[in-house]
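Structure, as structure tokens:
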Amino acid sequence: MAYHGLLHKYGSLLDLPTHTRPVSLLEGDTPLIPALNLAREMGGGFELFIKFEGLNPTGSFKDRGMTAAVSEALGRGATTVICASTGNTAASAAAYAARAGLKSIVLIPQGKVAAGKLAGALAYGAQVIQVDGSFDDALSLVALISEKHSICLVNSINPYRIEGQKTAAFEICDTLGSAPDWLCLPVGNAGNITSYWAGFKQYDELKSTGLPRVLGVQAAGAAPLVLGHPVDRPETVATAICIGRPARGEQALQAAEESRGRIIAATDEQILDMQRTLARLEGIWVEPASAAGLAGLAAEVGAARLEVRAKRIVAVCTGHGLKDPDIVTREMSSPKIVPPKLDALEEAIL
Ligand SMILES: *Cc1c(COP(=O)(O)O)cnc(C)c1O
């Protein structure tokens, strides 16, 4: 059966107004990839799958929520959408707005957005504004301006973003036949963890697919939900989760509690280490933030804080490594140069 995008496939399960006019890039339907090598590296004895959200049209899971938010905005007659972004929301909003014929404006924290994300937003024709402040400052600004003017806010405060993002939980259950025992994922502004939990609960009520325990992972330098208070100057290489005041923090804590899971922090070193390990062992290259869920999982399993024997675990890898190539290249010396001669090549590689 041909695939027509998320609203076509799951629209009847999403709480969207009737005026919604679907705008799709055929997002979603991402693979659930078995990660045998990585599971073995972590000690083995359990099943591990990667939900590779980097394979969405603009390279991150944000497209799931954006198809819903922009479709609603278009149907309502909006002409302009706006968001604050650590990068991926910007690229996604810009792409869906372009497709819908809407103007997009994105606010990014100055100097804290990976090159590939900024380039995407510009390529899709967004008006990009840098804010001399944090993501949290940018989010406060767009919330204010969208209340004052008729500009549609498409951050995950927008309820339709959450509706759209529930579809990832539906897909996991459809693929596995039930919910996994554990779901681990990175947590930034906490829209995604909120969506997954809502999605799993809805599917369980509808199809008795069961519920996972949820392991949310923040970066240690941006871990307000672990510390129990906002972080004024969040710092982490995982720019997509460099957020000190998560808009849906309460809901994230609730998801962790209700699911008998938890929210923990991983250091930048653990995150970058997992990013490399995942690429080298499985051929899956994700951006740093996307490796946070797995980094947290590995730490918990390694310290025997999490019983995984015979369990089925899904790790959500939220965005593609191509968005943030600098992180990899800046830590390595540039590749060796040889003259175009066979003996030189032999000497270099044999
Ligand atoms: C947005 C984003 C996150 C964090 O998701 P939240 O919904 O803000 O918690 C994690 N990883 C990537 C790649 C993202 O783009």
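A short reminder: the numbers here are calculations on the coordinates, not readings from a lab. Note that the structure is predicted; figures quoted are calculated from it, not measured. A quick note on method: Cβ atoms are made from the backbone with ideal geometry, for glycine too, and the neighbour counts reach across all protein chains shown.
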For Ala222, enumerate residues with amide H under 5 Å from its amide H, sequence gap 5+ or separate chain, H modeled in the peptide plane.
Glu235
From the helices alone, meaning DSSP H stretches of at least four residues, give me the mean residue ellipticity at 222 nm for the chain, per-run term -39500 (n - 2.57), in deg cm²/dmol to the nearest 500.
-13000 deg cm²/dmol
Additional length obtainable on full extension of the chain from Leu342 to Asp137, 0.36 nm per residue less Cα span:
68.2 nm
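So if R0 is 51 Å, what FRET efficiency would Arg280 and Ile145 give, r being the distance between their Cβ atoms, rounded to the nearest 0.05?
Working: r = 44 Å, r/R0 = 0.87.
About 0.70, to the nearest 0.05.
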Where does each of Met274, Met332, Met66, Met42 land when they are ranked from fewest to most other beta-carbon atoms within 10 angstrom?
Met332, Met42, Met274, Met66
So how much slack lies between Lys311 and Ala2, counting 0.36 nm per residue of separation and subtracting their Cα-Cα distance, in nm?
107.9 nm
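Would you mind ranking Glu47, Glu258, Glu347 by Cβ crowding within 10 Å, fewest neighbours first? Display every interim value, and only then the final one.
On the way: Glu47 17, Glu258 13, Glu347 10.
So the ranking, lowest neighbour count to highest, is Glu347, Glu258, Glu47.
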Please report Thr80, Thr18 as a ranked list, fewest other C-beta atoms within 10 angstrom at the top and most at the bottom.
Thr18, Thr80
Pick from Ala68, Ala138, Ala94: which residue has the top mean-square fluctuation in a GNM of the chain where Cα pairs under 10 Å get a spring?
Ala138
Row for segment 1-118, column shape: gyration tensor on C-alpha, a ≥ b ≥ c, rounded if a/c < 1.5 i.e. under 1.5, prolate if a/b over b/c, else oblate; value oblate
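Would you mind computing Rg(Cα) / (2.2 N^0.38 Å) for the chain, counting N as its residues? Walk me through the numbers on the way to the answer.
Values: Rg = 20.1 Å, N = 350, 2.2 N^0.38 = 20.4 Å.
Expressed relative to 2.2 N^0.38 Å, the Cα Rg reads 0.98.
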Restricting to bridges with both residues inside the chain, how much of the DSSP beta-bridge set is antiparallel, in percent to the nearest 5?
15
Amide H neighbours of Val131 under 5 Å, counting only residues 5+ apart in sequence or on other chains, H built in-plane at 1.01 Å?
Ile108, Gln110
Ranked by GNM mean-square fluctuation in the chain (Cα springs under 10 Å), the top entry among Leu141, Leu294, Leu48 is Leu141
Summing +1 for each Lys or Arg and -1 for each Asp or Glu, what net charge is found among the other residues whose Cβ lies under 11 Å from the Cβ of Asp232?
-1
Working out 0.36 nm times the residue gap between Glu257 and Leu122, then minus their Cα-Cα distance, what length gain in nm do you get to one decimal?
44.6 nm
Quick check: from the Cα gyration tensor, does segment 62-157 come out rounded (a/c under 1.5), prolate or oblate?
oblate
